[in-house]
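Data first, discussion second: the structure below is written as structure tokens.
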Amino acid sequence: MGRFVMLSGPSCVGKGPLHNALKRFYPDIERKLEKLVLFNSRAPRPGEQDGVDYHFRSRQEVEALRGREGYIVMDVRGDLQALDVENLREILDGEKDAFFEGDPFVPME
């Protein structure tokens, strides 16, 4: 059974560069991680890829997940994000560890 690994901190604290350093200097650890890809209602930023950084969907599509079993939908700085709980379970039931990079407290602000 896999573990849940969280790289947490407020916006612009350096989570991305730290994750990039992990990939570069500890590739054996990085290979054991599977990133949780959340749904997001905002447009992709330059360099972001659908299905890699987020599943980019319209606000209406992400809002519709709120009513479906198995999704946790959060308002994050005016955008909607959703976690597919089944995807998390699948990762944890497999050989890899689920990796989340973000600020889990943003929805509580």
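The values are calculated or read from the model by the stated rules, or taken from the named source; none is laboratory data. Quantities reported herein were computed from a predicted structural model and do not represent experimental measurements. FYI the Cβ positions are ideal-geometry reconstructions off the backbone, even for glycines, and counts take in every protein chain you see.
With respect to the numbered conditions (1) in a loop (DSSP other than H, G, I, E, B); (2) over 14 Å from the mean Cα position of the chain (by Cα), which one is the sole condition not fulfilled by ALA64?
(1)
Select from the stretch 1-24 the residues that are of a type in the set (A, V, I, L, M, F, W, C) and part of a helix (DSSP H, G or I) and list them in ascending order. Break it down into steps so the answer makes sense when it comes.
Going residue by residue through the stretch 1-24, those that are of a type in the set (A, V, I, L, M, F, W, C) are 1, 4-7, 12-13, 18, 21-22.
Correct list: LEU18, ALA21, LEU22.
Counting only residues that are outside any loop (DSSP other than H, G, I, E, B) and exposed (fewer than 12 other Cβ atoms within 10 Å of the Cβ), how many does the stretch 25-61 have?
Total meeting the criteria: 4.
Residue-by-condition table, conditions (1) among the basic types (Lys, Arg); (2) out of contact with any strand residue (DSSP E or B) (no Cβ under 9 Å at 6 or more places or on another chain); (3) under 22 Å from LEU22 (Cα atoms); (4) without any contact (Cβ under 8 Å) to a residue 12 or more places away in the chain:
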residue	(1), (2), (3), (4)
ARG42	yes, no, no, no
ASP50	no, no, no, yes
ARG59	yes, no, no, no
VAL62	no, no, no, no
ILE72	no, no, no, no
ASP93	no, yes, no, no
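Here is a yes/no grid of residues against (1) modelled with pLDDT of 95 or more; (2) among the charged types (D, E, K, R):
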{"site": "LEU22", "(1), (2)": "no, no"}
{"site": "GLN60", "(1), (2)": "yes, no"}
{"site": "GLY67", "(1), (2)": "no, no"}
{"site": "TYR71", "(1), (2)": "yes, no"}
{"site": "GLY78", "(1), (2)": "no, no"}
{"site": "GLU86", "(1), (2)": "yes, yes"}
{"site": "PRO104", "(1), (2)": "no, no"}
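Working only within the stretch 15-40, note down all residues that are of a type outside the set (D, E, K, R), out of contact with any Leu (no Cβ under 7 Å at 6 or more places or on another chain) and in contact (Cβ under 8 Å) with a residue 12 or more places away in the chain.
Across the stretch 15-40, the qualifying residues are GLY16, LEU33, VAL37, ASN40.
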